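The values are calculated or read from the model by the stated rules, or taken from the named source; none is laboratory data. Nothing here was measured: the structure is a model prediction, and the numbers come from that model. Because the Cβ atoms are built from the backbone with ideal geometry, glycine has one as well, and the counts that use them run over all protein chains shown. For the accessible areas, the whole protein counts, side chains as well, though only heavy atoms, and no ligand, DNA or RNA atoms are used. Shrake-Rupley method; radii C 1.70, N 1.55, O 1.52, S 1.80 Å.
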Amino acid sequence: MELMTISGFCRNCLAKWLVVEARHISNQIVSNEVVNLYLSENQRNIVDTLDSFGYDEAAQLVNGCTYPEWKKRHMKKATDEQLERYNASKSLHATHNKELLATRSQKVNYQHETATTKPSQAAAAQICVPNQQNSLLSDVCCQEVDAIAPSAAETKPLSGHKVLRPPTGSTKLTIGILTVSDRAAANAYESGDLSGPMVESTIRRIIDSFNASFKDQDLVVNNFVKDIVPDEKAQIEEMLLRWSGKASRQEDSSNVCNLIFTTGGTGFSPRGKSLMFFESLS
């Protein structure tokens, strides 16, 4: 739910996007009517598998267990504050095409023919599995949240969220941008790191907007301090402590930052642990 509130997508979305991609790949295979007439048996099996791939199966891949089992293990009743933030962020929420999410064929388990398997046995091994109704086949994700939300949450105004304006006068900033990426640190991308420069351009745009909106203040970035490190705790900690002025040996005080932004290090691989490193430093 927090992921949906912050980013506009959640685990359910990831599962649904897997299903949509399966439909797109299937469509690409059979898009040419002439070619479609001459698809090999293996290609037709692939198309059948893609067309029968549904949300429940995708959710199990994403969650590592069935969706009802995941909910039983991990889902807790949302607090009023969580619901307030969730409902306030609904304009960000991903939506999904129900027609693409619907399965287009029955699930078939294919047993490949071997030297000891007769053709008739292989044909008999194609077991049709009846379609089961998807447990979350909606056009908007996280529908369970709506079900448990108190009715007042929909109309309850936001409270406790103060919008702070920039300080008046001239404010000079040093801003750090740290990219956490094994591949970017190893210079494996032909384009180089794209996320760090994107963060910098976004910050510049926001500051320009602030300065245009508030005539009695002037935000100025004296220096952007940028670096790229692999997803290694020691290197992340060293850079953040140095930029925050808390390093045991502070060699260059000019690199002490007023604000530090990080990008990357939050993937689904076992090495994507940057958020845990940041929390340990707070």
**Estimated vicinal HN-Hα couplings, Hz - region 58-66 in sequence order (Karplus 6.51, -1.76, 1.60; Gly, Pro = x)** = 5, 4, 5, 5, 5, 8, x, 6, 5
**Request:** Using the structure shown, select from Lys16/Lys76; Lys172/Lys233; Lys172/Lys226 the pairs with a Cα to Cα distance greater than 27 angstrom.
**Result:** Lys172/Lys233
**Asked** Which FRET efficiency value, to the nearest 0.05, is calculated for Ile206 and Asn42 with the Förster distance at 51 angstrom and r the Cβ-Cβ distance?
**Response** 0.45
**Asked** Could you give the nm distance between label points at Lys71 and Lys98, where each point is 7 Å from its Cα heading toward the beta carbon?
**Response** 1.7
**Item:** Qualifying trypsin sites (Lys or Arg not before Pro) for region 183-234 [loop in DSSP, other Cβ within 10 Å: at most 15]
**Value:** Lys215
**Prompt:** When only DSSP loop residues count, what trypsin sites (Lys or Arg not before Pro) in region 52-110 have their Cβ near at most 15 other Cβ atoms within 10 Å?
**Reply:** Lys76, Lys77
**Prompt:** Rounded to a whole number, what % of the accessible area of region 1-94 do carbon and sulfur atoms account for, probe 1.4 Å?
**Reply:** 55
**Asked** Looking at region 162-261, which chymotrypsin sites (Phe, Trp or Tyr not before Pro) are in a loop (DSSP not H, G, I, E or B) and have at most 15 other Cβ atoms within 10 Å?
**Response** Tyr189, Phe214
**Request:** Enter the accessible area per residue of region 1-110 (Å², integer; probe 1.4 Å; all protein chains in place).
**Result:** 60
**Message:** Please list, ordered by chain and number, the residues whose modelled amide H lies under 5 Å from the amide H of Lys226; skip anything fewer than 5 residues away on the same chain.
**Reply:** Ile177
